[in-house]
1. Given the criterion over 21 Å from Val183 (Cα atoms), in contact (Cβ under 8 Å) with a residue 12 or more places away in the chain and hydroxyl-bearing (Ser, Thr, Tyr), identify the matching residue among Ser93, Ser84.
2. Would you mind stating whether Thr136 is over 12 Å from Met197 (Cα atoms) and within 16 Å of the chain's Cα centre (by Cα)?
3. Give the number of residues within the range 54-103 that are touching a Gly at 6+ places or on another chain (Cβ under 8 Å) and basic (Lys, Arg).
4. What about Thr142, is it of a type outside the set (D, E, K, R) and closer than 19 Å to Ala68 by Cβ?
5. Output the residues belonging to the range 141-194 that are hydrophobic (A, V, I, L, M, F, W, C) and free of Cβ contacts under 8 Å to residues at least 12 places away in the same chain.
6. Tell me whether the range 97-104 contains one or more residues that are touching a Pro at 6+ places or on another chain (Cβ under 9 Å) and buried (at least 17 other Cβ atoms within 10 Å of the Cβ).
7. Say we look at the range 158-208 and pick out the residues that are surrounded by fewer than 15 Cβ atoms within 10 Å (Cβ to Cβ) and among the hydrophobic types (A, V, I, L, M, F, W, C); which of these is farthest from Thr142 (Cα to Cα)?
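Nothing in this text is a laboratory measurement; each read-out follows from the coordinates by a stated rule. Computed from a predicted model, the values in this text were never measured in an experiment. Note that we place each Cβ from the backbone using ideal geometry, even for glycine, and neighbour counts take in every protein chain shown.
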Amino acid sequence: MKATDRPTPGEPGGAATAGRRAFLGAGVAALATTLIGRKLRAAEQVAAAPESTAAAPGPQVTIENFSAAGKSEGTVRVAKVVKSDAEWRAQLSPLAFRVARQAGTEGAFSGEYDHNQADGLYRCICCDTALYDSKTKFDSGTGWPSFWRPISAVNVVKSPDSSLGMQRDAISCRLCDAHLGHVFDDGPRPTGLRYCMNSVSLRFVKRA
Ligand SMILES: [Zn+2]
């Protein structure tokens with residue numbers, strides 16, 4: 001469309017020329033404003049795209065990473081590990097799936113870490129997050145591996161559990177929600193806590 005060819009109705013003589021110029025000027029200004037507006041909106045969309053893509057996988061959590069020697073490598077903000085039951089079944093043993101993904105409990109004295117005295121870290125069977133250091137393990141006599149504190153307060157989540165007619169505090173993995181066990185207040189010093197864990201929810205790795 002050529003704006004200059006457009007007639008200006010109802011304006012005679014010299015006034016028509018001035019009117020046409022004014023019309024043209026206003027038209028160009030309006031057009032420019034529209035184009036700039038479109039470009040700005042397009043730029044905003046381009047800039048916003050990576051953020052919305054990054055946020056898509058789901059909620060983020062803060063966890064503390066630990067080296068193979070058990071030294072803290074600081075906290076990081078990462079997307080939660082979310083998998084379907086089919087994916088967890090493919091990754092885990094039937095018992096580990098039952099305990100870690102369905103809040104089950106392994107039989108007392110049946111787990112492989114109940115009497116494990118080796119020096120190292122216990123990591124999540126599902127996502128490998130560091131959960132306990134062997135330096136805080138003690139013999140509770142219960143038949144389950146027991147610790148008086150997690151390796152990092154941010155790596156585990158405590159939540160009320162009223163199943164089986166008992167009021168308990170369940171402990172799960174912050175990163176993947178794996179059920180790990182329960183915590184009780186009859187543990188040894190210095191915390192007085194007993195983190196009663198299922199061996200099958202854990203993977204022991206010797207200290208490097
Ligand atoms: Zn986990």
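1. Exactly one of Ser93, Ser84 is over 21 Å from Val183 (Cα atoms), in contact (Cβ under 8 Å) with a residue 12 or more places away in the chain and hydroxyl-bearing (Ser, Thr, Tyr), namely Ser93.
2. The answer is no for Thr136.
3. So the count comes out to 2.
4. Against the criterion (of a type outside the set (D, E, K, R) and closer than 19 Å to Ala68 by Cβ), Thr142 does not qualify.
5. Ala153, Leu164, Met166
6. Checked against the condition, which is being touching a Pro at 6+ places or on another chain (Cβ under 9 Å) and buried (at least 17 other Cβ atoms within 10 Å of the Cβ), the range 97-104 yields no hits at all.
7. That would be Ala208.
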